[in-house]
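K.L.:
One structure follows; several queries about it will come next.
The values are calculated or read from the model by the stated rules, or taken from the named source; none is laboratory data. Nothing here was measured: the structure is a model prediction, and the numbers come from that model. Glycine also receives a Cβ, built like all others from the backbone with ideal geometry; neighbour counts cover every protein chain displayed.
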Amino acid sequence: MTVWDRPEPPTRPVPLDRERIVAAAIALADEGGLEAVSLRKVAARLDAGPMRLYGYISTKEELFDLMVDEIHAEILPEEPSGDWREVLRTHGHRTRQATLRHEWLADLLGGRPTLGPNALAVGETTLAALDGLADLDTVQRAVETVGAYITGAIRREIANLRAERATGLSKRDWQRAHGPHLRKMLDTGRFPALSKAVYDGTEVDAEVSFATGLDWVLDAVAARLARP
């Protein structure tokens with residue numbers, strides 16, 4: 001039986017419910033990452049005994065599932081467009097924005113699908129946008145491909161943000177610190193393609209990079225859907 005199927009226990013002296021528990025867990029994760037979340041710490045945040053929480057949640061993994069589903073409510077579009085590209089594009093950008101607000105989400109994206117109502121609604125929206133445009137297998141592969149890009153791009157962006165905080169070096173600071181070594185290596189002539197990219201390439205910010213890559217993936221999906 002999943003955590004969504006189990007009824008909640010009756011209210012006791014300190015009012016508790018899964019909604020309050022999940023809100024407290026998300027607040028802890030926003031402050032200190034997933035490592036800051038435990039049933040003991042959540043209970044302390046709610047001024048309740050740790051054992052009380054086990055009536056609502058059996059494991060920390062269940063708590064993580066509930067947290068992820070709660071954030072999917074932020075990802076779910078209010079009024080899905082009728083255009084499949086716009087639905088998937090919106091899904092990508094809303095997922096990125098939600099993860100920037102809750103960086104810990106990056107650590108939980110891309111695993112087994114969560115079965116909460118919000119996550120299922122997001123999945124329904126993305127699949128329904130492509131319904132009837134191709135056979136079911138093609139539609140599923142298309143959604144998986146777009147999802148893989150979204151997850152990978154977001155994880156890379158969050159990893160860079162964490163590296164900046166851990167080292168105290170901004171991207172520019174890091175480039176200045178490592179520039180001499182990189183120039184020395186490129187001057188050997190062994191890396192002509194990298195050299196051209198470094199010296200002649202255009203640098204864009206994370207949002208532009210994400211949007212461009214997402215559009216390219218959607219172009220590839222469109223080409224596949226257009227095949228007879």
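K.L.:
Have a look at ARG183, ARG156, ARG190 and point out the one that is under 27 Å from the mean Cα position of the chain (by Cα) and of a type in the set (D, E, K, R).
P.N.:
ARG156
K.L.:
What helices (runs of 4 or more DSSP H) completely inside segment 1-119 contain at least 1 residues that are more than 23 Å from PHE210 (Cβ to Cβ) and out of contact with any Pro (no Cβ under 8 Å at 6 or more places or on another chain)?
P.N.:
Those helices (runs of 4 or more DSSP H) span 18-32, 39-45, 50-53, 60-75.
K.L.:
Filter segment 92-123 down to residues that are farther than 27 Å from ARG162 by Cα and of a type in the set (Gly, Ala, Ser) and give me whichever is surrounded by the most Cβ atoms within 10 Å (Cβ to Cβ).
P.N.:
Ranking the qualifying residues of segment 92-123, first place goes to GLY116.
K.L.:
While we're on this one: Out of the residues in segment 193-226 that are among the acidic types (Asp, Glu) and closer than 30 Å to TRP84 by Cβ, which is modelled with the lowest pLDDT?
P.N.:
ASP205
K.L.:
Of the residues in segment 178-212, how many are of a type in the set (A, V, I, L, M, F, W, C) and touching a residue at least 12 places away in the same chain (Cβ under 8 Å)?
P.N.:
Residues in segment 178-212 being of a type in the set (A, V, I, L, M, F, W, C) and touching a residue at least 12 places away in the same chain (Cβ under 8 Å): 6 in total.
K.L.:
From the residues in segment 186-215 that are surrounded by 11 or more Cβ atoms within 10 Å (Cβ to Cβ) and aromatic (Phe, Trp, Tyr), which one is nearest to LEU161 (Cα to Cα)?
P.N.:
PHE210
K.L.:
Can you name the residue in segment 124-171 that is acidic (Asp, Glu) and part of a helix (DSSP H, G or I) and, of all such residues, is surrounded by the most Cβ atoms within 10 Å (Cβ to Cβ)?
P.N.:
GLU157
K.L.:
Answer with yes or no whether ARG89 is under 19 Å from VAL22 (Cα atoms), touching a residue at least 12 places away in the same chain (Cβ under 8 Å) and surrounded by 16 or more Cβ atoms within 10 Å (Cβ to Cβ).
P.N.:
Against the criterion (under 19 Å from VAL22 (Cα atoms), touching a residue at least 12 places away in the same chain (Cβ under 8 Å) and surrounded by 16 or more Cβ atoms within 10 Å (Cβ to Cβ)), ARG89 does not qualify.
K.L.:
Quick one: is ARG190 modelled with pLDDT of 85 or more, charged (D, E, K, R) and part of a loop (DSSP other than H, G, I, E, B)?
P.N.:
yes
K.L.:
I would also like to ask the following. Specify which of the listed residues (MET51, MET67) is within 18 Å of the chain's Cα centre (by Cα) and either over 25 Å from VAL143 (Cα atoms) or not assigned by TED's automatic domain parsing to the domain that holds ASP215 (or both).
P.N.:
MET67
K.L.:
With the condition kept exactly as written, say whether any residue in segment 34-42 is touching a residue at least 60 places away in the same chain (Cβ under 8 Å), among the polar types (S, T, N, Q), surrounded by fewer than 20 Cβ atoms within 10 Å (Cβ to Cβ) and touching a Leu at 6+ places or on another chain (Cβ under 9 Å).
P.N.:
Within segment 34-42, not a single residue is touching a residue at least 60 places away in the same chain (Cβ under 8 Å), among the polar types (S, T, N, Q), surrounded by fewer than 20 Cβ atoms within 10 Å (Cβ to Cβ) and touching a Leu at 6+ places or on another chain (Cβ under 9 Å).
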